[in-house]
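In what follows, a single structure is set out as structure tokens and then discussed.
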Amino acid sequence: MWDEVRTKAWSPGERPELAGLLEREWLVTNGLGGYASGTVAGAATRRYHGLLIAAHPAPLGRVMMVNHLWEYLRLPSYQTVPFGGEEKQKGLLQIHGAEYLTEFHLEAGLPVWRYEVDGFRLEKRIYFAYRHNTVYTQYRLLTGSGKVRLKLKPSVHFRGHDDPVSEVPDKPYKLTVVGERYEMSDGSPWPTLRMMVAGGANAGFTSRGERSDDIIYRVEESRGYQYEGALWSPGQFRLDLEPGQEATLVLSTEPWESVTAIDPAHALACELDRRQRLVALAVPAARTGFAAELVLAADQFIFTPAARVADSARAWAHGDEARSVIAGYHWFTDWGRDTMISLEGLTLCTGRHADAGYILRTFAQHIKDGLIPNLFPEKDQEGLYHTADATLWYFHALKRYLDVTRDRGTLQLLLPKLKDIVDHHVRGTRFGIGVDPADGLLRQGAEGYQLTWMDAKVDDWVVTPRRGKAVEINALWYNALRLLEGWVREEDGEAAAGVLAAHAAKARDAFNRRFWYDPGGYLYDVVDGPDGKPDSAIRPNQVFAISLDHPVLDPARWRPVLQVVRENLLTPVGLRSLAPAHPDYKAQYFGNLRARDAAYHQGTVWAWLIGPYVDAWLRTYPDDRGGAAKLLDGFRQHMSEACVGSISEVFDAEPPYTPRGCIAQAWSVAEVLRSLVKVAA
């Protein structure tokens, strides 16, 4: 059983269960968008698994630099055993060394493995130098009689981290040796990989180019992507260790001056100290236990967008810093909606108020036609704007930021942009987003676009288009109007605020008349759709009519709505995206891209939705803080599944609620952490 401190230990002679080691993954990030990740077993089962995925300016983006590391231990008897790795034999993936694994745990959120071979106990840990594309794999021989030889064989396939594993390099890899420093390149635009070993005795390197074909990435196969490729190794590092000694393999795309400026042991001490300070900085309710684990998980998503040099240039010109939020690992970049929903949990509950301000001001640089970007593509400087709700979430995030910081300077800086956003929405802007003057409600929709958070699309098929007037879009619109009304009243006076108040009152009146589905006792999901008929599907989107700072729904209707949501959508790990009785309901999120997207918002459970549900519950039942706290219990166990120490993007809609999608998702972590803090208040 994996316990709540994310430790799994096996007794001597007990063989770890291989499936569990392959299903559980680890993640370490560097604050730039780069990362290292893999399975606890050591096998690379995803195209995203590797020891160094470096973040570089566009058009490179995140680059897979070191895919895998074969590890061997030579005993005093000269027997050589593999540990923590994999090999290919006749086209089949063979996991070697799992029988030597005695413990895996997280230390301050960082992965640590312990192996025992013939009386020798070896510890391994992986960590980054913060905001450097430099990763360290440290080995320490804890106990044993005599010395052992450690052999390390890195394998590479330089490519964009999201590129198919089947791509073949245009040119052969070149190895350059200067003393005890080693460089690999392939003459392409990819960065140069720099490698060295620090510590140990009798260190050396045997140059022996070796290609491994038919590498199978089993998760990619199950997801319908290309899954077979090749890796190339330049040779093998070797070093000797005696009990109490440690050595570190250093992998980097930074200049040598940067790599050698930081001793590996000092880098670890700095990173552990940084993480200790992160927990100490958090609000009191998040400094211990489960919540403190989430504080460390939250750190994985806050980053300086290395790919967008222009963002940093503009921020620095104002004496500011560029910051954003990676929506999820491994494949997401930063998304406007996810960032604004996550901001409170990731930055305000964790005491990172400066980062929150940086994020809000970074996105303000990108406002166009009254919209913030939906997302920033992996290898581009500019965002895409096809979203109807991300901009409205921006108001929500700013409100929560101001509640904590009282930062009037940022409000005054942003206020003209906020007014312009509302003006664009009232007049109408891109993608059919605009207020219907007949009832004051916000409509949206353009053929071929998915503009709400339920945004699955395969080729030209928009799975859940939701064109028309969507329930959560109008809850957010009303909330944004009321928030801006208050800020304008403080800064500009009553007359200016009165115009916004009139818009809000009109929208609220129409919302309560038009969205209430009286036969079911809940809210329509969309009204005024393309066919003119309201959509009575039971979805979680109606919760936002209660949960936001300014709830648009009449309080008399809160309890029946929550009862319907509780009976049809609530699970131990979030809310279903569609009620099981609906004919389009899908119980599993599995298979190729088309199959997955068909289920993405058609039943699949979303962890982040537990946050607004907790808000709505406590607003309706303010004395039931204990009941709200129990809604979060399922995530404690989940933190030992999938990505150990984090929370997945989605789950199957039925027991056992198998985790799916991204192994670590920003708004999942943020909303669970925020809810933990709220129920503890």
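Looking at (1) surrounded by fewer than 23 Cβ atoms within 10 Å (Cβ to Cβ); (2) touching a residue at least 12 places away in the same chain (Cβ under 8 Å); (3) among the aromatic types (Phe, Trp, Tyr), find the lone condition where TYR621 falls short.
(2)
Is there a residue in segment 476-495 that is of a type outside the set (A, V, I, L, M) and under 27 Å from the mean Cα position of the chain (by Cα)?
Yes, there is a match, as at least one residue in segment 476-495 is of a type outside the set (A, V, I, L, M) and under 27 Å from the mean Cα position of the chain (by Cα).
Residue by residue, here is whether (1) more than 16 Å from GLU23 (Cα to Cα); (2) without any contact (Cβ under 8 Å) to a residue 12 or more places away in the chain holds:
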{"residue": "ARG636", "(1), (2)": "yes, no"}
{"residue": "SER646", "(1), (2)": "no, no"}
{"residue": "PRO656", "(1), (2)": "no, yes"}
{"residue": "PRO659", "(1), (2)": "no, no"}
{"residue": "ILE663", "(1), (2)": "no, no"}
{"residue": "TRP667", "(1), (2)": "yes, no"}
{"residue": "VAL672", "(1), (2)": "yes, no"}
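Looking only at segment 29-44, count how many residues are crowded, with 23+ Cβ neighbours inside 10 Å and assigned to a loop (DSSP other than H, G, I, E, B).
7
Taking segment 164-192 as the search range and keeping residues that are at pLDDT below 95 and among the charged types (D, E, K, R), which one is nearest to PRO76 (Cα to Cα)?
Only one residue tops the list, namely GLU180.
Just to be sure, is LEU414 surrounded by 17 or more Cβ atoms within 10 Å (Cβ to Cβ), under 29 Å from the mean Cα position of the chain (by Cα) and not assigned by TED's automatic domain parsing to the domain that holds ASP554?
So LEU414 fits the description; yes.
Could you tell me whether any residue of segment 493-504 is in contact with a helix residue (DSSP H, G or I) (Cβ under 6 Å, 6 or more places away or on another chain) and closer than 30 Å to ALA629 by Cβ?
Within segment 493-504 (the criterion being in contact with a helix residue (DSSP H, G or I) (Cβ under 6 Å, 6 or more places away or on another chain) and closer than 30 Å to ALA629 by Cβ), the answer is no, since none of the residues qualifies.
Suppose we keep only residues that are among the hydroxyl-bearing types (Ser, Thr, Tyr) and surrounded by fewer than 23 Cβ atoms within 10 Å (Cβ to Cβ) within segment 641-680. Which one would you say is farthest from PHE332 (Cα to Cα)?
TYR657
Looking only at segment 164-186, how many residues end up being over 28 Å from the mean Cα position of the chain (by Cα), within 28 Å of ILE216 (Cβ to Cβ) and either in a loop (DSSP other than H, G, I, E, B) or without any contact (Cβ under 8 Å) to a residue 12 or more places away in the chain (or both)?
7
Considering ASP455, ASP459, which residue is assigned by TED's automatic domain parsing to the domain that holds HIS550 and under 25 Å from TYR517 (Cβ atoms)?
Just a single option satisfies the conditions, and that option is ASP455.
Working only within segment 481-507, note down all residues that are among the β-branched types (Val, Ile, Thr) and crowded, with 18+ Cβ neighbours inside 10 Å.
Selection gives VAL488 alone.
Restricting to segment 428-445, give me the number of residues that are closer than 16 Å to VAL462 by Cβ, surrounded by fewer than 20 Cβ atoms within 10 Å (Cβ to Cβ) and in contact (Cβ under 8 Å) with a residue 60 or more places away in the chain.
0
Looking only at residues in segment 508-519 that are free of Cβ contacts under 8 Å to residues at least 60 places away in the same chain and touching a Pro at 6+ places or on another chain (Cβ under 9 Å), which one is surrounded by the most Cβ atoms within 10 Å (Cβ to Cβ)?
Result: PHE515.
Could you tell me whether any residue of segment 277-287 is hydrophobic (A, V, I, L, M, F, W, C), touching a strand residue (DSSP E or B) at 6+ places or on another chain (Cβ under 6 Å) and not in a helix (DSSP H, G or I)?
No.
Need pairs with beta-carbon distance below 7 Å; first residue in the same structural domain as LYS174 (by TED's automatic domain parsing) and at negative phi and within segment 231-245, second assigned to a loop (DSSP other than H, G, I, E, B) and of a type in the set (Phe, Trp, Tyr); sequence gap 6+ or separate chains.
TRP232/TYR173; PRO234/TYR173
Hey, could you check segment 587-610 for residues that are touching a helix residue (DSSP H, G or I) at 6+ places or on another chain (Cβ under 9 Å) and more than 16 Å from LYS457 (Cα to Cα) and say which is surrounded by the most Cβ atoms within 10 Å (Cβ to Cβ)?
Ranking the candidates gives ILE610 first.
Looking at segment 603-618, I want the residues that are among the β-branched types (Val, Ile, Thr) and have a partner that is outside any loop (DSSP other than H, G, I, E, B) and crowded, with 24+ Cβ neighbours inside 10 Å with Cβ atoms under 6 Å, at least 6 apart or on another chain. Which pairs are those?
THR604/VAL650; VAL605/GLY574; VAL605/ARG576; VAL605/PHE651; ILE610/GLY574; VAL614/SER675
Which members of segment 418-427 meet the condition of being surrounded by fewer than 15 Cβ atoms within 10 Å (Cβ to Cβ) and of a type in the set (Lys, Arg)?
ARG427
Return the pair list, or none, for Cβ contacts closer than 8 Å from residues in segment 343-360 that are free of Cβ contacts under 8 Å to residues at least 60 places away in the same chain and part of a helix (DSSP H, G or I) to residues that are among the hydroxyl-bearing types (Ser, Thr, Tyr) and crowded, with 24+ Cβ neighbours inside 10 Å, at least 6 apart or on different chains.
Taking only residues 6 or more apart or on different chains, the pairs are HIS353/THR347; ASP355/THR347; ALA356/THR347; ILE359/SER324; ILE359/THR339; ILE359/THR347; LEU360/TYR394.
Which one of the conditions (1) at pLDDT 95 or above; (2) within 22 Å of ALA54 (Cα to Cα) does VAL309 fail to meet, given that it meets all the rest?
Going through the list (1) at pLDDT 95 or above; (2) within 22 Å of ALA54 (Cα to Cα), VAL309 breaks only (1).
Please state which of the following conditions GLY224 fails to meet, knowing it meets all the rest: (1) under 19 Å from VAL135 (Cα atoms); (2) assigned to a loop (DSSP other than H, G, I, E, B).
(1)
Would it be correct to say that SER207 is in a loop (DSSP other than H, G, I, E, B) and of a type in the set (S, T, N, Q)?
no
Quick check on my filter: what residues within segment 573-594 are out of contact with any Asp or Glu (no Cβ under 7 Å at 6 or more places or on another chain), modelled with pLDDT of 95 or more and not in a strand (DSSP E or B)?
Matches in segment 573-594: VAL573, SER577, ALA579, PRO580, ALA581, HIS582, PRO583, ASP584, TYR585, LYS586.
Scan TYR621, TYR613 and give me the residue that is within 26 Å of THR347 (Cβ to Cβ) and among the hydroxyl-bearing types (Ser, Thr, Tyr).
Exactly one residue qualifies, and that residue is TYR613.
Check whether at least one residue in segment 192-205 is over 32 Å from the mean Cα position of the chain (by Cα) and under 30 Å from TRP331 (Cα atoms), and report yes or no.
No, the conditions are met nowhere in segment 192-205.
Going through segment 435-455 one residue at a time, which ones are over 31 Å from the mean Cα position of the chain (by Cα) and not in a loop (DSSP other than H, G, I, E, B)?
Hit for segment 435-455 is VAL435, nothing else.
Report the residue count in segment 272-302 for those that are among the hydrophobic types (A, V, I, L, M, F, W, C), over 14 Å from ALA356 (Cβ atoms) and surrounded by 17 or more Cβ atoms within 10 Å (Cβ to Cβ).
Adding up the residues that qualify gives 11.
Just name the residue that is surrounded by the fewest Cβ atoms within 10 Å (Cβ to Cβ) out of those in segment 353-390 that are among the aromatic types (Phe, Trp, Tyr) and either assigned by TED's automatic domain parsing to the domain that holds ARG466 or more than 20 Å from ARG466 (Cβ to Cβ) (or both).
If we take residues in segment 353-390 being among the aromatic types (Phe, Trp, Tyr) and either assigned by TED's automatic domain parsing to the domain that holds ARG466 or more than 20 Å from ARG466 (Cβ to Cβ) (or both), then TYR358 is surrounded by the fewest Cβ atoms within 10 Å (Cβ to Cβ).
The values are calculated or read from the model by the stated rules, or taken from the named source; none is laboratory data. Since we're looking at a predicted model, the values are computed, not measured. Cβ coordinates were reconstructed from backbone atoms using ideal geometry, including for glycine residues, and neighbour counts include every protein chain displayed.
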